[in-house]
């Protein structure tokens, strides 16, 4: 008899928990954004991309002459190496390899510089975006807003709020200037 009361009390407790849990689940409001899309489509992101592209073209232009010289050196070695002495051939190959290593080092330095520029350009946008998403989420009563590119496998497009966030981010970034 005591077991029946304990069992009934346990079932009642479980049902109460499930009912409470299902009513709180109904109150959940989930939003999804695409952070990458927002950064690329917001005004500050577009401006940052333009600055990034200008710097990239500048760096590529600075390497063009060295790349052409390296190609000419390679062609010369291919064409004339049979007429050269072993000593001269070895000297030209060493010179070509040295120039190749120097160009590779400069290219790596340029990549590092571009990565730093990208981080510098994107950091303030990300900081502003975080504040905008937090404010938007609170104002609109969201329980959670997720990045669609970080672990969200499926979501209904109805909960996607990237465009609204992009608009708010543009406003926030314009006000910060």
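The values are calculated or read from the model by the stated rules, or taken from the named source; none is laboratory data. Predicted model only: the values in this text are computed from it and were never measured. Every residue, glycine as well, gets a Cβ built from its backbone with ideal geometry; the counts of neighbours run over all protein chains shown.
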Item to check | Residue check for residue 79: part of a helix (DSSP H, G or I), out of contact with any helix residue (DSSP H, G or I) (no Cβ under 7 Å at 6 or more places or on another chain) and at pLDDT below 90 | outcome: yes
Next on the checklist: Residue pairs, Cβ under 7 Å, 6 or more apart or interchain, first in region 125-140 and closer than 21 Å to residue 177 by Cβ, second surrounded by fewer than 12 Cβ atoms within 10 Å (Cβ to Cβ). List them.
Outcome noted: 128/176
Item to check | Positions within region 39-73 being loosely packed, with under 15 Cβ neighbours inside 10 Å and more than 30 Å from residue 127 (Cα to Cα), in sequence order | outcome: 60, 61, 62, 63, 64, 65, 67, 68, 69, 71, 72
Checklist outcome for this item: Being within 35 Å of the chain's Cα centre (by Cα), touching a residue at least 40 places away in the same chain (Cβ under 8 Å) and not in a helix (DSSP H, G or I) narrows 122, 145 down to just 145
Checklist entry - Within region 100-117, can one find any residue that is surrounded by fewer than 12 Cβ atoms within 10 Å (Cβ to Cβ), under 16 Å from residue 42 (Cβ atoms) and out of contact with any strand residue (DSSP E or B) (no Cβ under 9 Å at 6 or more places or on another chain)? => result no
Next on the checklist: Test of understanding: among 92, 80, which residue is surrounded by 14 or more Cβ atoms within 10 Å (Cβ to Cβ) and either under 21 Å from the mean Cα position of the chain (by Cα) or farther than 21 Å from residue 40 by Cβ (or both)?
Outcome noted: 92
Checklist entry - Do the conditions hold for residue 117, that is, is it at negative phi and assigned to a helix (DSSP H, G or I)? => result yes
